[in-house]
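Contents: one structure, followed by commentary.
The values are calculated or read from the model by the stated rules, or taken from the named source; none is laboratory data. Keep in mind that this is a model prediction, so the values were computed, not measured. FYI the Cβ positions are ideal-geometry reconstructions off the backbone, even for glycines, and counts take in every protein chain you see.
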Amino acid sequence: MIKDKRFLTGLGAGLIIGAVLLQLMNFAEAGRTPAPLSDKLYSQEEADVLVRQELDQAAQHEADANNPIADVPGEQEPADEQAAGDEEPSDSQPVDEIDAEIDADEQSYEITIRYRMTSEDAAEAALEAGLIDDKDVLLQELIRRNLTYRLQIGTFTFTSRPTVAELVDVLTSRPK
């Protein structure tokens, strides 16, 4: 038999306190309400798709609001009457050619590097943005310079098409 009963008293008190704390935790857990379904967490790709859809809808509503003739039935002239109306020969360039020239002069390229993007993902994004013709060339340059894990997070904008070396320098430096 154990002569020192303080050990058993301490052990018993510890078990009782532990059981009480466990019961308190169980009651607290039962009182919680589950999170509502509207608080769904989205991945980056899902969030990007949702944002694009919202922007497209907003742009469509804005375009509809800026075109009052399309909203009022019967107010728009038929296409034949418009074509037969005031036609003047024009010496200027067609609108499509002017737009193409403006786009060529103001061509800019934009690439976004997100958190946890691999160098292959970044090369694919650069290919989609029109910065490079072959993603393997960019990957080989990153590997050659040992910078595959040095890509910086951010959005990078280019006013002209850079060389592969310039692209690597920019993508591995902080965005401005």
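Here are some notes:
- When residues in segment 153-172 are screened for being closer than 15 Å to residue 119 by Cβ and surrounded by 13 or more Cβ atoms within 10 Å (Cβ to Cβ), 8 of them pass.
- Test: residue 53 is at pLDDT 80 or above, within 32 Å of the chain's Cα centre (by Cα) and assigned to a helix (DSSP H, G or I): yes
- Among the residues listed as 132, 143, the single one being more than 21 Å from residue 44 (Cβ to Cβ) and either assigned to a loop (DSSP other than H, G, I, E, B) or touching a residue at least 40 places away in the same chain (Cβ under 8 Å) (or both): 132
- Odd one out for residue 145, checked against (1) exposed (fewer than 12 other Cβ atoms within 10 Å of the Cβ); (2) of a type in the set (Lys, Arg); (3) modelled with pLDDT of 90 or more: (1)
Results for (1) exposed (fewer than 10 other Cβ atoms within 10 Å of the Cβ); (2) more than 30 Å from residue 147 (Cα to Cα); (3) modelled with pLDDT under 85; (4) not acidic (Asp, Glu), shown as yes or no for each residue.
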| position | (1), (2), (3), (4) |
| --- | --- |
| 13 | no, yes, no, yes |
| 43 | yes, no, yes, yes |
| 92 | yes, yes, yes, yes |
| 116 | yes, no, no, yes |
